[in-house]
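These notes are about the structure you will find just below.
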Amino acid sequence: PSDSGLQSGPLTSPPPRIATGTPMIAIDNVSKWYGDFQVLTNCTTQVAKGEVVVVCGPSGSGKSTLIKCVNALEPIQKGQITVNDTKVVDKATDLPKLRSRVGMVFQHFELFPHLSITENLTVAQRKVLKRPAEEAKKKGMDLLARVGLSAHADKYPGQLSGGQQQRVAIARALAMNPVVMLFDEPTSALDPEMVGEVLDVMVELAKEGMTMMVVTHEMGFARKVADRVIFMDRGEIVEDARKEDFFGQPRSERAQQFLSKIL
Ligand code: ADP
Ligand code: MG
């Protein structure tokens, strides 16, 4: 059927799944406050090129805040974050340019409701990357085909299901040629029967070697494609482990408790 998951093969040949040296994302001793409230405390981790890191932890532990900081959507007060050699805390950094290279997919699809699917897929390519209309459209349509939604190009977001909208949102982020993709609970607002089609797209992306940081409670996804799992609690990275070690035997009691509740 034209509507389920990825249709065509990868656009690039899959690189090895083993992470190489250079971090694509380096989070270095980051602390952040919302007013008087310290939301992140001395967070340090790296994501290597091609690595898939799942971030989990209880509600309110700072997961969304941490990945928003990577995209400079939230400022940090202490520490540094480097994305592909660009420092987030640096007056010389062109933040809109940085953001244009960091794909972000949120829980709520946030497509532009008044624009068609085609327009949703091309507007930032044209306005931010200054791509000619024809080229932007070709890129958008290729990506729409990859997420299995070619037949819906002329519809509006409200005419698509939640799962379909989220697949468009992923295609829209990919249209910017991101160096990394950040996901913040991309399936948690979806009806259960639509979760799989969105996860399938993400699994394919991971297999193609995209560098990904994924906040999710979908532990099936984590087991399948994550290289590492980060567990956060009360603004701290409590555990940062290879997937096998995390699921085999989380070191901290807090992670053990969390896993026992969601598995
Ligand atoms: P998570 O994604 O793990 O649920 P968040 O990063 O959304 O956690 O939130 C972490 C904490 O920061 C929570 O206590 C939340 O209430 C608080 N918080 C989040 N955003 C803001 C904000 N803009 N202003 C003040 N507090 C916030
Ligand atoms: Mg959150």
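Before moving on, here are some points about what is shown:
- Summing Cβ point charges (Lys, Arg +1; Asp, Glu -1) relative to the Cα centre of the range 144-197 gives a dipole of roughly 260 debye.
- Taking all protein chains together and rolling a 1.4 Å probe, residue 34 ends up with roughly 90 Å² accessible.
- Residue 262 - accessible surface, heavy atoms, 1.4 Å probe, Å² rounded to 10: 60
- Among 69, 38, 115 the positive-end extreme of the charge dipole of the range 28-176 (Cβ point charges): 115
- Largest mean-square fluctuation among 150, 100, 161, in a Gaussian network model of the chain whose springs join Cα atoms under 10 Å apart, belongs to 161.
- Solvent exposure of the range 132-204 as accessible area per residue, Å², 1.4 Å probe: 37
- Between the amide H of residue 211 and those of 50, 181, distances stay under 5 Å, these residues lying 5 or more places away or on another chain, with hydrogens modeled in the peptide plane.
- Rolling a 1.4 Å probe over the protein heavy atoms gives the range 26-94 an accessible area of 44 Å² per residue.
- Assigned charges on the beta-carbon of Lys, Arg, Asp, Glu; the chain dipole about Cα centre (debye): 640
- For residue 252, neighbours were defined as the other residues whose beta-carbon sits under 13 Å from its Cβ, and their charges (Lys and Arg +1, Asp and Glu -1) total -3.
- Which of 89, 205, 262, positive extreme of dipole for the chain (C-beta unit charges): 89
- Given 49/87; 68/137; 32/68; 49/243, the pairs whose alpha carbons are separated by over 19 Å: 68/137
- In the chain, the DSSP beta bridges split such that about 55 percent are antiparallel, to the nearest 5.
- Positive-end ranking of 238, 54, 141 along the dipole of the chain, with charges on Cβ about the Cα centre, is headed by 141.
- With every protein chain in place, the range 26-126: carbon and sulfur % of accessible area (1.4 Å): 51
- Test item: Cα-centred dipole of the range 173-263, Lys/Arg +1 and Asp/Glu -1 on Cβ, debye: 340
- Helix-derived mean residue ellipticity, 222 nm - over the chain, DSSP H n ≥ 4, -39500 (n - 2.57), to 500: -10000 deg cm²/dmol
- Counting only residues at least eight positions apart within a chain, or on another chain, the lysines with an alpha carbon under 22 Å from that of residue 138 are 127, 130, 155.
- Taken as Cα centroids, the range 153-225 and the range 76-132 sit 16 Å apart, rounded to the nearest whole angstrom.
The values are calculated or read from the model by the stated rules, or taken from the named source; none is laboratory data. Because the structure is a prediction, the values reported are computed rather than measured. Here the Cβ is made from the backbone with ideal geometry for all residues, glycine too, and neighbour counts use every protein chain on show. Note: areas computed on protein heavy atoms with side chains; ligands, DNA, RNA excluded. Shrake-Rupley method; radii C 1.70, N 1.55, O 1.52, S 1.80 Å.
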